[in-house]
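As structure tokens, the structure follows; a few thoughts come after it.
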Amino acid sequence: MRSRSHDAAMAELYHSDPGLALDVINNILEGGDQAELLTVLRQLTQAFGGVQVVAEQAHLNPTQLYRTLSAKGNPALNSLTAVLKAMGLRLAVQPLASSTPAHAA
């Protein structure tokens, strides 16, 4: 029996259950852990056909995308939004449950 890598297994899971991917990403964004976010984005990239396919759809250089999503990557907002858009996703801003709006202070 051939074993799969964790990333390959997660990519397959995200491909079959996109709602799970949304939940995972939103939970990561709440916590602010960039390394975890990049890991999930790499797995989602595999689920959506790989770096070449996502880079083409996002109008990014595949080498640049590979580096951006690496463990030491630091994606610019425009790259992140382009990658998410290629996957049919977008960033959204929501108020924190316990915060007071800046203009009300």
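The values are calculated or read from the model by the stated rules, or taken from the named source; none is laboratory data. Treat the numbers as computed from the prediction; the structure is a model and nothing was measured. Counting neighbours? That spans all protein chains shown, and the Cβs are built from the backbone with ideal geometry, glycine included. The accessibility values were calculated without ligands, DNA or RNA, using every heavy atom of the protein model including side chains. Shrake-Rupley method; radii C 1.70, N 1.55, O 1.52, S 1.80 Å.
Let me confirm something: among Leu22, Leu65, Leu44, which residue is under 16 Å from Leu89 (Cβ atoms), out of contact with any Leu (no Cβ under 7 Å at 6 or more places or on another chain), open to solvent by 20 Å² or more (accessible area, probe 1.4 Å) and part of a helix (DSSP H, G or I)? Lay out the reasoning, then the answer.
Values: Leu65 fails: open to solvent by 20 Å² or more (accessible area, probe 1.4 Å); Leu44 fails: open to solvent by 20 Å² or more (accessible area, probe 1.4 Å).
Testing whether each residue is under 16 Å from Leu89 (Cβ atoms), out of contact with any Leu (no Cβ under 7 Å at 6 or more places or on another chain), open to solvent by 20 Å² or more (accessible area, probe 1.4 Å) and part of a helix (DSSP H, G or I) leaves just Leu22.
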Looking only at the stretch 47-62, and only at residues there that are among the aliphatic types (A, V, I, L, M) and under 15 Å from Asp7 (Cα atoms), the one that is most open to solvent (accessible area, probe 1.4 Å): Val51
Return the residues of the stretch 31-76 that are of a type in the set (A, V, I, L, M, F, W, C), without any contact (Cβ under 8 Å) to a residue 12 or more places away in the chain and within 30 Å of Ala97 (Cα to Cα); say none if nothing qualifies. Ala76
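I'd like the full set of residues that are small (Gly, Ala, Ser) and surrounded by fewer than 14 Cβ atoms within 10 Å (Cβ to Cβ), limited to the stretch 3-17. Don't jump to the end; show me each part of the working.
Taking the stretch 3-17 and keeping what is small (Gly, Ala, Ser), we get 3, 5, 8-9, 11, 16.
If the condition is that a residue be small (Gly, Ala, Ser) and surrounded by fewer than 14 Cβ atoms within 10 Å (Cβ to Cβ), then Ser3, Ser5, Ala8, Ala9, Ser16 are the ones that fit.
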